[in-house]
Amino acid sequence: MKVISVVTASLLTLAMVTTLFGLEKVGRSSRFDGKAYSLNDPMLPLQLLVAPEDVFAFWKKQVVRGALVVHVGRDLHFTPVDKPDCDTAATAYPVVLSPSVLEYESALNDRNFLWLAMRANMARQIVSVLPHESFRDKVSLVQEAVQKGYLGIISMDSRTIVAHELGSQRVITDSYIPSFSEPVVLNIDASIFDDYFPAELYALLEKSGLKIMLLT
């Protein structure tokens with residue numbers, strides 16, 4: 001209950017209203033397209049949800065498609081569902097894949113909801129912003145995924161991993177948000193409050209200058 005209260009209070013500092021805006025499909029790629037808002041805009045669309053599975057369901061309901069998703073939290077939520085139909089990582093980026101993931105959705109859980117969001121073409125790029133210790137812990141998992149053929153590395157240094165998987169780009173960062181030339185779908189996981197006070201998180205997000213279409 002305490003965690004939910006902290007999350008609620010924190011997210012309410014980021015947006016004053018929860019009214020959702022209209023969405024439309026644009027261009028041949030049918031990408032999710034909404035008005036871009038700054039972090040401190042009182043009209044920033046916000047939806048407070050209980051679990052990662054609810055985030056996936058909400059994005060699906062809102063027809064989020066082909067978006068650049070920024071996820072802030074301690075975990076990657078990127079465990080592949082058993083026997084993915086593509087089996088191994090793409091040998092080149094990007095790769096065109098079928099948008100159908102109906103065979104996977106029955107396995108949706110908090111460990112794989114971002115993996116499924118990518119497989120469903122909700123996200124064409126996922127940027128995972130991790131606290132420092134979480135980033136260091138995940139390096140070995142990334143290396144294991146590369147060895148198994150599930151992940152292809154584009155670049156990797158002490159603070160950033162850029163990879164491709166199933167035709168979509170993934171970026172994993174150590175405690176910073178990259179700059180983007182387009183608005184994003186932003187997801188803030190409650191786990192981040194194990195490492196950041198609400199004011200610290202707000203400062204991190206504000207410094208990034210993100211333009212946000214939807215905040216969950």
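Observations, loosely collected:
- Residues of the range 116-140 that turn out to be at pLDDT 85 or above and touching a Ser or Thr at 6+ places or on another chain (Cβ under 9 Å), as a count: 14
- Of all residues making up the range 162-183, the number that are out of contact with any Lys or Arg (no Cβ under 7 Å at 6 or more places or on another chain), modelled with pLDDT of 95 or more and surrounded by 18 or more Cβ atoms within 10 Å (Cβ to Cβ): 2
- S155 meets all of the listed conditions (1) surrounded by fewer than 17 Cβ atoms within 10 Å (Cβ to Cβ); (2) assigned to a helix (DSSP H, G or I); (3) free of Cβ contacts under 8 Å to residues at least 40 places away in the same chain but one, namely (2).
- Criterion violated by S140 - all others in (1) in a helix (DSSP H, G or I); (2) of a type in the set (S, T, Y); (3) open to solvent by less than 10 Å² (accessible area, probe 1.4 Å) satisfied: (3)
- Take the conditions (1) open to solvent by less than 20 Å² (accessible area, probe 1.4 Å); (2) modelled with pLDDT of 80 or more; (3) touching a helix residue (DSSP H, G or I) at 6+ places or on another chain (Cβ under 9 Å); L68 misses just one of them, which is (3).
- Yes/no for S191 being open to solvent by 30 Å² or more (accessible area, probe 1.4 Å), within 17 Å of L76 (Cβ to Cβ) and of a type in the set (G, A, S): no
A quick yes/no check of all residues on (1) modelled with pLDDT of 50 or more; (2) open to solvent by 70 Å² or more (accessible area, probe 1.4 Å); (3) part of a loop (DSSP other than H, G, I, E, B):
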{"position": "A9", "(1), (2), (3)": "no, no, no"}
{"position": "M16", "(1), (2), (3)": "no, yes, yes"}
{"position": "G22", "(1), (2), (3)": "no, no, yes"}
{"position": "S29", "(1), (2), (3)": "no, no, yes"}
{"position": "D41", "(1), (2), (3)": "yes, no, yes"}
{"position": "D54", "(1), (2), (3)": "yes, no, no"}
{"position": "A57", "(1), (2), (3)": "yes, no, no"}
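The values are calculated or read from the model by the stated rules, or taken from the named source; none is laboratory data. As the structure is a computational prediction, the values presented were derived from the model and not from experiment. As a convention, Cβ positions derive from the backbone with ideal geometry for all residues, glycine included, and neighbour counts pool all protein chains shown. Side chains included, ligands, DNA and RNA excluded: accessible areas come from the protein's heavy atoms. Shrake-Rupley method; radii C 1.70, N 1.55, O 1.52, S 1.80 Å.
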